[in-house]
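Below is one structure; the comments refer to it alone.
The values are calculated or read from the model by the stated rules, or taken from the named source; none is laboratory data. No experiment lies behind these values; they were computed from the predicted model shown. For neighbour counting, all protein chains shown are included, and Cβ atoms are generated from backbone atoms with ideal geometry for every residue, glycine included. These accessible areas exclude ligands, DNA and RNA; they are computed on the full protein's heavy atoms, side chains included. Shrake-Rupley method; radii C 1.70, N 1.55, O 1.52, S 1.80 Å.
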Amino acid sequence: LSNLGSALFALGRFDLSAQLYEQALAVSREQSDVEGEATRLANLANAHAELGNDTKAVALRAEADAAAALVPPPSMRRRSSSNPAPMDVLLRSRSSANVLAGSTTNPSCSSSAGSESP
């Protein structure tokens, strides 16, 4: 919905883009997606500004800013399959697990423990 709204916005169809942003905003709120809510509110504010609804645009922008302030920093966000942890976090987790399991070597290294490279 939001992507379609953005496409219509780019084509100058601000009335239709505002309608789609409203629908996308409802979905973000239903899913408790604060970051998505902030983005949809900002998009909606832009559409209303283009439509000449300045008072509505300013109110929506203030609401978007308030929602954005509630978005946790990336390091505090919950991970999911669509938002995987960065590779360095995964590697640190694997190293910690190996230490806890009693292994002192990195399983991704091909050299054996104690041997030196030429």
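Within the stretch 40-58, restricting attention to residues that are in a helix (DSSP H, G or I) and open to solvent by 60 Å² or more (accessible area, probe 1.4 Å), the residue that is nearest to residue 13 (Cα to Cα) is 50.
Among all positions in the stretch 21-33, there is no residue which is in contact (Cβ under 8 Å) with a residue 40 or more places away in the chain and open to solvent by less than 40 Å² (accessible area, probe 1.4 Å).
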